[in-house]
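Visitor: Encoded as structure tokens, here's the structure I'll be asking about.
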Amino acid sequence: MQDLAQAFTTHEHMRATDRVLSLKPIEGKATISSTGLIDRRLFTGENKLHAVQNNETTLWTFKYEKGQLPPVLQNSSFTSFKSLLKFATDYFIRRNIEIKEIID
């Protein structure tokens, strides 16, 4: 397992263009979603959030294995994995969710 602080320093060594961001609710807090689009299966492993790099454009985007992303994630693209990870961290922390590991 890799914690998020470690991920910021080691993500340069990752090679995969499809990485899974494993999420978990912050202990003692209820998850928050103004649109109702936080998929509870993300916490059980039944669904996964992927960070995927497009081979042609080299831009990073988000993708669920099942279902539709919230619009803010759906319409976002990033020039680096580091910027995608920062955005995801900020987005989920506002919803009482943390990224517990990154699977390369």
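Visitor: Remind me, relative contact order of the stretch 4-103 in percent, using alpha carbon pairs under 8 angstrom and six or more residues apart?
Guide: It rounds to 37 percent for the stretch 4-103.
Visitor: Projecting each Cα onto the charge dipole of the stretch 4-103 (Lys/Arg +1, Asp/Glu -1 at the beta carbon, about the Cα centre), which of H50, I99, V20 comes out farthest on the positive side?
Guide: Positive-end residue among those listed: I99.
Visitor: For a quick check: sort K48, K63 by the number of other beta carbons within 10 angstrom, fewest at the front.
Guide: Going from least to most buried by this count: K63, K48.
Visitor: Just want the ordering: K66, K86, from fewest to most Cβ atoms lying within 10 Å of their own Cβ.
Guide: So the residues, fewest neighbours to most, are K66, K86.
Visitor: With 10 angstrom as the radius, rank S22, S80 by how many other C-beta atoms surround their C-beta, starting from the fewest.
Guide: S80, S22
Readers should treat all values here as calculations from the given coordinates under stated rules, not as data from a laboratory. In this text, all values refer to a predicted model and were calculated from it rather than measured experimentally. Methodologically, a virtual Cβ is constructed for each residue, glycine included, from the backbone with ideal geometry; neighbour enumeration extends over all protein chains shown.
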